[in-house]
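All of the numbers you see were taken from the coordinates with simple rules; none came from a lab. Just so it is clear, the model here is predicted, and its values are computed rather than measured. Neighbour counts are summed over all protein chains in view; Cβ atoms, including those assigned to glycine, are modelled from backbone coordinates with ideal geometry.
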């Protein structure tokens, strides 16, 4: 959990959240407890809980209330990952076998359903209807984002706007909501929770764009999986869309993408990736990520100038890793 | 919706619930709206909403409040069905193509996730934390029940208790909760909602046992699918477990079940079914269903003797269809 090296102050509370996360999925059914724990213990940056706790610093910080938001948000994120792995046919995640590969697709599907249910069981402890509404909306938008991703697999005709709407639903909204709910759960002022939402949304957009860039320019060691995984599974990301806008690149790149599609994962995507690396696609995508970052930092400038605001700035820079 | 022929009084409100059900899954994402509508329009008895509305008659009946429970409960049930179809590899349900066969498994999975999310979005309109807690618990138990069903496929060594625990989670709890939440949402007295829960739980158990019997003794016309579907997919039901207890039947029946398992759906289960029909399994299962029915009716006897109590009695008899 390198993220916390930046600021030790949350260490104790994040350890507590981690324990509660494991505890939340323990239950009378052995197999579901086991698959869920496997999933959770495979790690992750625990970004969403970190954002919840930091959001909570703007109100009356209370770890017992914040827990009821932080744990469910990480659970919802995890449930979406285990369903993702079924779709993506992924054998590993973060270097560890996925639930679908260690067990099977059916077990992965019900593990996701179980974890969603456990998330709701926990939020039921909060009586604020606004929190329930915000969480439910985020879940709906996430499933729409996932569906759009399937729909858009290998769709080289999609617009940049299309891509942005998709990552908004798939990634940015849940991060926005994490920041916002931390504030709401501790009864921070309305304008604070709203600024935190704006911050989280823009960090989420920048993060996903940069993550998509990394998949094209990173090394296998950096990524924990072979580069070009997005391309191989048909996920057409922002740098690809920008590269396709270059007249001299468009036709050969389309041809390569079609080849990758038809050879269904057996083909290497390295020719396509080589073309994209030589295009302006990477630089243009990073420029857009920067614009989202700037908006995120602008939102912070309007928040009270407390230590947490500085932490949020550091986190934004940490999460949205530049490649050069 | 033949169920409502028994009592016309709910017709108007059930029509309204039906419309709201369709409306609840409409959204900006075309494909998800389409798959969800396809699923909902394929029909179903709408048992859970009927139970909610009847439960609501014991409190201050208010269709706008009841809707916020009735629609989500039917949505949760439907979402579990669409995930079931992925697991069961089912081509049709109620004589219509399933989402997984008309589209694909991945789309079916996200359709389920989307519908779960929409269900929660709607319940977020209710501020009573008890209702959220009860719904979340029911969702968790259902996913455990589904997982147990997979785990127990072709497990001929399972106990009757094991079977009962599984159908409790898979079916009975959601029906119990439907009756209970109708009462809670309209602020009926505590002992009334608790009796309604007992009624619903026992009707649900009797219903599932009878449904499992029907799969063995019904005709294709009655069932809307070939008989023996449970056996073919490995779902070992109560009559089978009872038949396996008969010493002269045990070995040949085990052998037939193993054959069905190894030929993976290509084999007919008719020999196994023939053996079960000749055993005491059907009669013993029906006797147990009768005991649950009796408990359900006993709970009704303790409720105020209003017209709705009579309706609940009629419904119990309608839902738990005897085969002879």
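The table for this structure:
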quantity: Of A:31, A:303, A:21, the one that fluctuates the most in a GNM where chain A has Cα springs shorter than 10 Å; calculated: A:31
quantity: Residue order, fewest to most beta carbons within 10 Å, for B:25, A:52; calculated: B:25, A:52
quantity: Globularity ratio of chain A, using Cα Rg and 2.2 N^0.38 Å; calculated: 1.00
quantity: Value of relative contact order over chain B, rounded to a whole percent, pairs C-alpha under 8 Å and six or more apart; calculated: 18
quantity: Fully extended contour minus Cα-Cα distance, from residue A:278 to residue A:245, at 0.36 nm per residue; calculated: 10.6 nm
quantity: Pairwise label distance in nanometres, residue A:290 with residue A:60, each label 7 Å out on the Cα-Cβ vector; calculated: 4.5
quantity: 0 to 90° range, to nearest 10: angle between helix B:247-262 axis and chain B longest Cα axis; calculated: 80
quantity: Value at 222 nm in deg cm²/dmol, rounded to 500, when DSSP H runs of n ≥ 4 in chain A each add -39,500 (n - 2.57); calculated: -23000 deg cm²/dmol
quantity: Sorted by Cβ neighbour density within 10 Å, fewest at the top, the residues B:282, A:209; calculated: B:282, A:209
quantity: Förster radius 22 Å - calculated FRET efficiency between residue A:220 and residue A:262 (Cβ-Cβ, nearest 0.05); calculated: 0.35
quantity: Label geometry 7 Å along the beta-carbon vector: residue B:190 inter-copy distances in nm; calculated: 3.7
quantity: Helix A:190-217 vs. chain A, principal-axis angle (Cα, 0 to 90°, nearest 10); calculated: 30
quantity: At 0.692 mPa s and 37 °C, Stokes D of the protein assembly as shown from Kirkwood alpha-carbon radius, µm² per second; calculated: 124
quantity: Relative exposure of A:312, B:164, judged by other C-beta atoms within 10 Å (fewest first); calculated: B:164, A:312
quantity: Residue B:187 versus residue A:321: modelled label distance in nm, points set 7 Å from Cα along the beta carbon direction; calculated: 5.6
quantity: Convex hull volume of segment B:1-93 per residue (C-alpha atoms, cubic angstrom); calculated: 99
quantity: Pairs of Cα atoms farther than 19 Å apart, segment B:208-317, %; calculated: 52
quantity: Nearest 10 degrees, 0 to 90: helix A:30-41 Cα axis against chain A principal axis; calculated: 70
quantity: Inter-copy label distances at residue A:247 (7 Å, Cα→Cβ; nm, one decimal); calculated: 9.1
